[in-house]
Amino acid sequence: MRSAGRSARARLWDRAAASDPGLLRLTAGLRTVGAIALTLAVLAPLGTSVKYLVAGAMAAMVATFAIREKQRPQQAVTLALGLPVALASVSLGALLRSHVVASGVFFVVLIFSAVYGRRFGDRGTALGLIGFQVYFASLFIGATVPALPRLCGAFAVAFLSSAVLRFALVPTTPASVLQRLRRAFRARLAQLVSAQLELLDAGPDDIDKALDAVREGTARLHETAMMIQDRLEEGTPDESVARLVQRRVADAEIAAERLGLLLLTARSAERADTLTLHLPGAPAPSVGRAPARDEALDAVRRDLQALRVLVLRSPAESAGTALAHVRNRLLGYRDEDKVPVASPAVQDVFRGIGETARAVLGLRIALDGPQDESDDSPATARSREELDAEDAAIDAGEETPSKEETGLRRPTTRAAVQVSVGSALAMAGGELLSSHRWYWAVLTCWIVFLNTASTGEILVKGYRRLVGTVLGVLAGIVLAGLVGQHTWTAFALVLVLIFAMFYTAPLSYTLMSFFVTAMLGLLYTLLHTYSLDVLVLRIEETALGAACGVIAAAFVLPVQTDRRTNELLVTVLERLVDVTEHAVEQLSGGPAGELLDKARDLDQALADLRAATQPLTHPVTPLRSRRTTARYVVALLETCAYHARSLAATAELLPTHPSIAADPRLRGAVRRTVRNIEAIAAHVADENSAAEVTTGPSIASLLEPDVSGASRYGRVTGRVLRHLERLDEAVTGLARPLKVPVAAPRR
């Protein structure tokens, strides 16, 4: 029974780890709610009035969520600096309260400084956010000069409470966060294998749903891999260990994605297109009824279930020979004589399972340390030797400093000017709506500029905030009616709503806005200023603030969505060329390079492009054709990135893998693809470019025979060629939606 209980707890923990990688959202919610609760617990016994309790709660919230630095010493310094910034901000808010013009001018200057401060990194961003939010809080509660001593005392308690929660009650370190992200990666990898198993057994009516689950699982696994990449430097003191983890995570991600493609091919009448795994809503390849129960497919089902167990089991749960037997059987499929008799497509699935099992073994060694080798089969021992040789060859690379813009072209400077102009407009318009609550319009204008970089992104964010606000007003009416004059019941509901706000913020901006507005309805109830007119005014001020933000973004140093997406698209294409050229050069016998770093740079550029295209792919956009084109282009680029990552991973095996040798003939096979990528980039950067995309014979046909009587290429070179061919096809496919001319193939 105890063993079963542990198993149930482990399953529950795995689900939590998969749904919230690193438990980052849970930690943020608990810290913020805990800091507010501790602040209230300290202030309430002192007879503090509700007004100062609300002020302390708002200060505790901003002191907790504003700090984004990963190392605890830096967090402590920023928190210590934040308190005098907060005290100065609330003091100026109280002093300027009766001077309307001076107060407005100072607020605009404060907004400019807060946004401009982002160029100084996380600390500048945090201090600017604290200054702005505390000044807003002073306006919200109506701070006065006589009340300053009590307000400063409440703020000091709030910052101290935030420190207690951050460093004592809910502590985290970069190493602990990275450890939880690793577990999340394993949990999501297991979920992807489960989705692939359902894809294998899905009938014609369920195949599209099963394929969507595989797409979602693949995207979630990639998201976790990127989160691990972002925290490796801080969470791993040894640079060689960090690179080892980076390598093993990349191997597992690529192997799992390839396994899904092989399973889809096994279900189809022809080889599946990689684009099918990356284009949302793309129909599944034509398939018949669910595969019959034959010996080979039964073995595939059994091995996928075994692979899932192999992914999830911790070293403590892996004692004994049963799991070792499973591991040995799966790794045995890397030997051709161990692949069961079946159709070629199903045999490829067995090989894919073997390669995924090898990636899982490497991941376990990298994350959990040396494993018990007493029950290894010859195939497992050989896989360990290959992994050990790869580990010994990993060296740290040097980073190339990025070029930084200057003057008004610097993003932080441009954003500071835009949000200042927008806030001034919101301030003037807000005064016309209400001379007492104009600051809601300014707050909305400020928020829609956070983490946005184009007019389209600001428009979408403003729309989402308005929708969330309208729904939150309705919820606030209901909650205010239920709470009445019960102060502590209202505070308890405020804490619940704040937790929900922080837990859902990374998932849905609309949901976050809903919880914020519902919480504000309760705060108005606590301050005895609640009325239906106030909540309706909240909607009007929100709409005004969003409109002012869009106007400022559109007419003040504008960055059009098309221009930004084109710039990011060119960056993606340049990095795609970089990865492809260096990977093929290494596969052809050239010098080794830092391919995984280049591949992750490509992934990051693609993630930036995906975020920038959200205004074009949003469901409410009236430009349906542009939405379809944007989704198709991003999906093609994700396909290209997958094949480039696979080439990079294969190239990095060359120095140590006994069965992989360089093939000099590959060097010439990629030239046409690289020229085509460069032609597309040139056309995107300049529509008048004369560059053309060229087509021709298959990549494989470009390889010359090695010697008379020898095979054209071996299994490894064949896999590389398949990736190059799919990459070439995807690059050519980009020409049509991007309106790049395609030259007729030369005879």
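Accessible area per residue for the chain, computed on protein heavy atoms with a 1.4 Å probe, is 44 Å². Taking label points 7 Å from Cα along the Cα-to-Cβ direction, HIS325 and ASP686 give a separation of 6.8 nm. For the chain, the carbon plus sulfur part of the accessible surface works out to 58%, probe radius 1.4 Å. The distance from the alpha carbon centre of the stretch 478-544 to that of the stretch 408-460 is 22 Å, rounded to a whole number. Kirkwood radius and radius of gyration were both taken over the C-alpha atoms of the stretch 318-392, and their ratio Rg/Rh is 0.99.
Could you calculate the FRET efficiency of HIS486 with VAL536 from 1/(1 + (r/R0)^6), where r is the beta carbon distance between them and R0 is 41 Å, rounded to 0.05? Display every interim value, and only then the final one.
Details: r = 24 Å, r/R0 = 0.59.
Computed FRET efficiency for HIS486 and VAL536: 0.95.
In the distance distribution for the stretch 126-269, Cα-Cα pairs more than 26 Å apart total 53 percent. Excluding same-chain neighbours fewer than eight residues apart, the lysines reachable from LYS461 by a Cα-Cα span under 28 Å are LYS70. From the largest down, the stretch 1-95 spans 64, 32, 20 angstrom on the principal axes of its Cα atoms. Taking amide H positions as modeled 1.01 Å from N, with prolines and chain starts lacking one, the residues under 5 Å from ALA743 and 5 or more places away or on another chain are VAL693, THR694, THR695. As a ratio to 2.2 N^0.38 Å, the alpha-carbon radius of gyration computed for the chain takes the value 1.06. Note that the stretch 508-589 carries a Kirkwood radius of 17.4 Å, evaluated over its alpha carbons pair by pair.
Equivalent ellipsoid of the stretch 543-640: semi-axes from √(5λ) of the C-alpha gyration tensor, largest first, are 35, 15, 9 Å. Over the stretch 439-576, the ratio between the Cα radius of gyration and 2.2 N^0.38 Å evaluates to 1.24. Across the stretch 351-390, the residues whose backbone nitrogen lies under 16 Å from the label position 7 Å along the beta-carbon direction of ASP238 are 363-371, 388-390. Accessible surface comparison of VAL157, VAL101, VAL448, probe 1.4 Å, protein chains only, largest first: the order is VAL101, VAL157, VAL448.
Hey, if you drop one equal point scatterer on each alpha-carbon of the stretch 84-205 and run the Debye formula without solvent, what base-10 log of I(q)/I(0) do you get at q = 0.18, 0.21, 0.22 Å⁻¹? The Cα Debye sum returns log10 ratios of -0.99, -1.16, -1.21. Axis angle, to the nearest 10 degrees, between helix 72-95 and the longest C-alpha principal axis of the chain: 30 degrees.
With only Cα atoms counted, the stretch 203-256 has Rg and Dmax values of 15.3, 51 Å.
The values are calculated or read from the model by the stated rules, or taken from the named source; none is laboratory data. This one's a predicted model, so the numbers in the text were calculated from it and none came from an experiment. For neighbour counting, all protein chains shown are included, and Cβ atoms are generated from backbone atoms with ideal geometry for every residue, glycine included. Ligands, DNA and RNA are excluded from the accessible area calculation, which covers all protein heavy atoms including side chains. Shrake-Rupley method; radii C 1.70, N 1.55, O 1.52, S 1.80 Å.
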